[in-house]
Ligand SMILES: [Zn+2]
Ligand SMILES: [Zn+2]
Ligand SMILES: [Zn+2]
């Protein structure tokens, strides 16, 4: 319930994520994995996260069109490990460890191997909001804590 975007305004058909092999994207299913509220790797965030690539930007390596990840260190858009694993390979090659999913706007830290709560972590809040606006065309709801 923390992960539902506005559906009335967007008429684009969202592909149903029903693949049981998506154990990596644990938050995408019905269960919600608790996200970390701290991370030691935030100093690797790109200094310029005000302008983001569009959520429909294809993977820069294989042109996979949807459900890509945005590297928050260099703003490269790369596909998930269920496509051609280019985000994972990018992490292994560059040690960039922070990525935002354009599928559900969750933030993953490869070094922590955990999701980060982008609405709690102050450094992540602006980029999460910017991505939300790009994806849904409006600002995210204020988190009710
Ligand atoms: Zn981390
Ligand atoms: Zn790719
Ligand atoms: Zn990167």
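Laboratory data are not the source of any read-out in this text; all were calculated from the coordinates shown. Source: prediction; values computed, not measured. In this analysis, Cβ positions are derived from the backbone assuming ideal geometry, glycine residues included, and neighbour counts consider all displayed protein chains.
Structure notes:
- Extension gain (nm, one decimal) between residue 113 and residue 133, 0.36 nm per residue minus Cα-Cα: 4.6 nm
- Burial ordering of 48, 104, fewest other beta-carbon atoms within 10 Å first: 48, 104
- Label-point separation in nm, residue 85 to residue 36, each point 7 Å along Cα→Cβ: 2.2
- Value of relative contact order over the range 41-136, rounded to a whole percent, pairs C-alpha under 8 Å and six or more apart: 25
- Per-residue Cβ neighbour counts within 10 Å put 135, 75 in the sequence 75, 135, beginning with the fewest.
- Ranking of 121, 133 by neighbouring Cβ atoms within 10 Å, starting from the fewest: 133, 121.
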